[in-house]
Structures are given as structure tokens and as C-alpha cells.
Amino acid sequence: MGPPGAGKGTQGEILERRYDVPRFSTGDILRTARREGTEMGRRAQQYMDAGELVPDEVILGIMGEALAGEAARNGFILDGFPRTVAQAEGLARMLDELGINLDAVINISVEDDEIVRRLSGRRVCSKCGVVVGPDAKPDATCGECGGALIQRRDDDAATVRRRLEVYREQTEPVLAWYRASGPSVVDVDGLGSVEGITKRVQDGIAA
Ligand SMILES: [Zn+2]
């Protein structure tokens, strides 16, 4: 867990390789379920076609299909899920039925000002989609393909602050819920090198 821009995706990918277990994010499993045309995937599609948010119950159904699958047999990483207390409660019920224990909840924390700096400073290649961090030169072009670098609309500073507010409103209660009831919450400082943060995460899991 952690706010947008905290490095969840980066760390998730590293841990996925290191522990050789699949990583499930809400966006990824939604895309997979729609592609494979599962029952829950079709229901999610109907909401998205109507321009509505996919309800927790459908997200949980799709996550349940993934967690019960063969790929998850030796463990898994959840990336950015659960996002609400209702999702956390639903996940706990599902894991209970499957006889699975969550080992740890990793909470990567980064201060708001640093998140704003990271996200509002990053740019995306208009041709190939590569993401470039805030420390690149202002007039730089894409190192992969030479395309122009642009800012994504939801990365402007005001929108980032709003996304952080939404995150705190929805997700801080999830952390409080886990601290009160669930598996151990490992708080990790999200500042510093990628390798350094990975080490803190692994130390936290092992502790
Ligand atoms: Zn490019």
C-alpha cells in the first residue's frame, strides 16, 4: 500500500521476480478478466461501458478468481488492493474461505510534497509511453525512441494533491483496520534508492 507515486509498482515488480509469485493489481486483473471473458469480467465490462465505477463486489469477485487460480498457489503480491475498508473486509472473508493467510501489509510512505514533485515532474513519451522521472532535463526527448515528452493530464500538481486527498480518505482507514485486526503492517520509508527501499521491504517481511 502507499499513495500514488510512492513506488508500489516498482517495488511490486522487483518482489514478484525475487519471490517468483504473481502480482495482482486491480487494473491488471480487470483487464485479464475482460480479455478472458469470465463471468465477473463481463460484469465489470458492463459497468465500464456505462462509464460507472466497478463496484467492490465485482472487484472482489475478480480478485477471488485470481487468488483461487493455479498461478497464486505459492503466494502472491497484491498491488494497490484493497483500497477501501469494504474491500479489505471482503478480501479477509475470501482468504479465510481459501485457507490463506496474509503474511504482511507493506505500507510505503512518502510525504505529499515529494509525491507532488515526483508525479508533477514526470513526463511520458507521446510515442512509446516510456515514463521519465522528474530529474530529467526539461528539453529532453525520449531516450528510447526520440519522441516528445508530455505531462499526463492527471499528473498536474493540483490533480495530484486531489488524488492524495482521495487516497487518504479511502485508504488510511484500511491501514487503521489492518493495524487493529490483521496481519502485521510493515511501515517502509519510501525515500531513497530503489534498492534501498527493496531492502527495507524485505527486512520488514522477514522480521
Ligand atoms: Zn519513446
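Of the residues Ile115, Ile100, which is out of contact with any Cys (no Cβ under 7 Å at 6 or more places or on another chain), at pLDDT 90 or above and assigned to a loop (DSSP other than H, G, I, E, B)? One residue alone meets the criteria, Ile100. In summary, Gly12 fulfils each of the numbered conditions (1) of a type outside the set (Ser, Thr, Tyr); (2) out of contact with any Gly (no Cβ under 6 Å at 6 or more places or on another chain); (3) buried (at least 18 other Cβ atoms within 10 Å of the Cβ); (4) outside any helix (DSSP H, G or I) with the single exception of condition (4). Residue pairs whose Cβ atoms lie under 9 Å apart, separated by 6 or more positions or on different chains, with the first residue in segment 188-207 and basic (Lys, Arg) and the second exposed (fewer than 14 other Cβ atoms within 10 Å of the Cβ), are Arg200/Asp189; Arg200/Gly192. State which residue is surrounded by the most Cβ atoms within 10 Å (Cβ to Cβ) when the search covers only segment 128-147 and only residues that are more than 19 Å from Ile115 (Cα to Cα) and among the small types (Gly, Ala, Ser). Among those residues, the one meeting the criterion is Gly147.
Contact annotation: residue pairs with Cβ atoms under 6 Å, 6 or more positions apart or on different chains, pairing a residue in segment 1-22 that is within 19 Å of Glu169 (Cα to Cα) with a partner that is assigned to a helix (DSSP H, G or I) and not aromatic (Phe, Trp, Tyr), are Gly2/Lys8; Pro3/Ile115; Pro3/Leu164; Pro4/Arg163; Gly5/Ile115; Gly5/Arg118; Gly5/Leu119.
Of the candidates Glu195, Glu169, the single residue that is closer than 30 Å to Asp96 by Cβ, under 19 Å from the mean Cα position of the chain (by Cα) and surrounded by fewer than 13 Cβ atoms within 10 Å (Cβ to Cβ) is Glu169. The single condition among (1) surrounded by 14 or more Cβ atoms within 10 Å (Cβ to Cβ); (2) of a type in the set (Val, Ile, Thr); (3) touching a residue at least 12 places away in the same chain (Cβ under 8 Å) that Thr159 does not meet is (3). Of all residues in segment 67-109, those that are among the aliphatic types (A, V, I, L, M), surrounded by fewer than 19 Cβ atoms within 10 Å (Cβ to Cβ) and farther than 20 Å from Ala206 by Cβ total 9.
For segment 124-149, taking the residues that are more than 9 Å from the ligand (Cβ to nearest atom) and not in a strand (DSSP E or B), the one that is farthest from Val194 (Cα to Cα) is identified as Asp139.
The values are calculated or read from the model by the stated rules, or taken from the named source; none is laboratory data. In this text, all values refer to a predicted model and were calculated from it rather than measured experimentally. Note that we place each Cβ from the backbone using ideal geometry, even for glycine, and neighbour counts take in every protein chain shown.
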